[in-house]
Amino acid sequence: MEETYLLNVEGVRKKILHGGQGELPKFQDGSKITFHFQTLKDNFERTVIDDSREAGMPMEIIVGKMFKIEIWETLLCSMRTGEVAEFWCDAIHTGMYALVSKGMRRIAEGRDPLEGQKHRCGMGNMFDYHSTGYDDLDELQRTPQPLIFIMELFRVEEPSAYKRDTWAMSKEEKLAAVPVLHSEGNRLVLQKDFQRAAEKYQEAVICLRNLQAKEKPWEEGWLKLESLVTPLVLNYCQCQLELGEYYEVLEHTTELLQKHNDNAKAYFKRAKAHAAVWNEKEAREDFHRVAHLDPAMAAAVKKELKLLGERMRKNSAGTCWQNAQSESVCQRGATSGTRLVWKREQQDSRSSLTARAWRGCPSAIA
């Protein structure tokens with residue numbers, strides 16, 4: 001098919017290599033597009049830079065979510081399902097490609113795509129670093145140039161047709177998801193499925209933290225969200241206690257108490273974690289804080305302190321027994337060593353006498 005300018009977008013040309021099926025899909029904010037792509041240099045050899053098929057997984061983008069290569073959304077929204085098309089894009093549209101490709105390659109390699117990256121916009125990160133870690137991408141970064149993208153569109157899913165990741169949700173969707181996730185977590189706790197329950201609570205916290213990031217700390221909007229975060233974090237910590245992840249509990253409760261130093265439940269869970277890892281002093285301090293902050297929990301604190309004392313006494317008794325055994329072994333070893341030295345001296349003496357007798361020394365004759 002003859003090359004044509006695409007939708008009057010400057011610096012873009014499209015060539016259809018294989019026609020798609022049906023009408024143009026209905027693209028809307030939140031639609032998920034799944035596709036394969038190949039990126040080539042605009043040179044005589046048409047050098048291949050990236051190929052999602054070789055990476056072993058198709059690419060996905062969400063419409064309206066500010067993908068770093070903005071032109072890709074425009075290109076894909078011109079395609080039908082099953083269509084394969086070649087797009088030539090001028091350098092004005094490809095300046096971010098090196099950074100995006102670096103992230104995709106790291107994912108394919110099983111690495112963190114954000115490793116070492118500062119929390120800044122993509123362009124800021126490009127200026128921060130001299131190398132992407134890939135020679136061909138470094139060249140693109142130094143000298144932005146036109147690129148060719150060959151894309152095959154597999155499917156377009158409406159926002160309601162798939163489970164969206166947290167980052168792809170709108171503010172309203174995140175707020176709506178939180179009570180649902182909270183309820184699912186509680187249901188799983190009743191079933192004693194603590195691992196899956198923890199995942200639900202964690203997902204809800206992530207939703208709220210994402211929203212909090214757009215609010216000014218300690219102002220009304222931020223505080224309202226924080227009031228929803230706190231019980232979720234405590235529920236998450238309870239699941240981690242059940243799973244034996246005590247240091248995880250210490251980390252999250254300590255972080256929570258830095259903001260809310262009057263939260264008795266946070267102190268209680270941290271105290272139990274301290275007790276589990278034999279931090280007796282810290283555990284007792286936290287349990288006493290709980291009793292001071294919330295007298296209604298005094299009975300629970302008394303019970304935990306009793307259990308802590310019993311554990312510590314058993315541990316102390318076990319340690320004493322082990323030390324006694326070690327000392328006994330050492331003493332036996334020392335005695336045995338003395339006997340061994342004495343036997344060696346006897347053997348050396350007899351050997352000496354035998355040698356002298358063999359040589360006919362007078363002193364060897366009785």
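Every read-out reported here was derived from the displayed coordinates using simple, explicitly stated rules and does not represent laboratory data. What you are looking at is a predicted structure, and each value in this text was computed from that prediction instead of being measured. Cβ: placed from backbone, ideal geometry, glycine included. Neighbour counts: every protein chain shown.
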Counting only the backbone N, which residues of the range 42-67 are under 18 Å from the spot 7 Å out from the Cα of Glu172 toward its beta-carbon? 63-65
Tell me, what is the FRET efficiency for Glu60 and Glu219 to the nearest 0.05, using R0 = 35 angstrom and their Cβ-Cβ distance as r? 0.45
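Grab the other residues whose beta carbon is less than 14 angstrom from that of Leu308, score K and R as +1, D and E as -1, and report the net. Don't skip to the end; give the middle numbers.
Numbers: positive: Arg270, Lys272, Lys281, Arg284, Lys302, Lys303, Lys306, Arg311, Arg313, Lys314; negative: Glu280, Glu282, Glu285, Asp286, Glu304, Glu310.
Once all neighbours under 14 Å are counted, the net charge is +4.
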Quick one: if the Förster radius is 56 Å, what FRET efficiency do Arg13 and Val180 give, using the C-beta to C-beta distance and rounding to 0.05? 0.75
Report the paramagnetic label zone for Leu24: residues of the range 72-109 whose backbone N is under 20 Å from a point 7 Å from Cα along the Cα-to-Cβ axis. 72-89
Search the structure for amide H atoms under 5 Å from the amide H of Ile49, placed 1.01 Å from N in the peptide plane, and list their residues when 5 or more places away or on another chain. Thr39, Leu40, Lys41
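Multiply the residue gap between Lys68 and Tyr247 by 0.36 nm, knock off their C-alpha separation, and tell me the result in nm, one decimal place.
60.7 nm is the gain from fully extending Lys68 to Tyr247.
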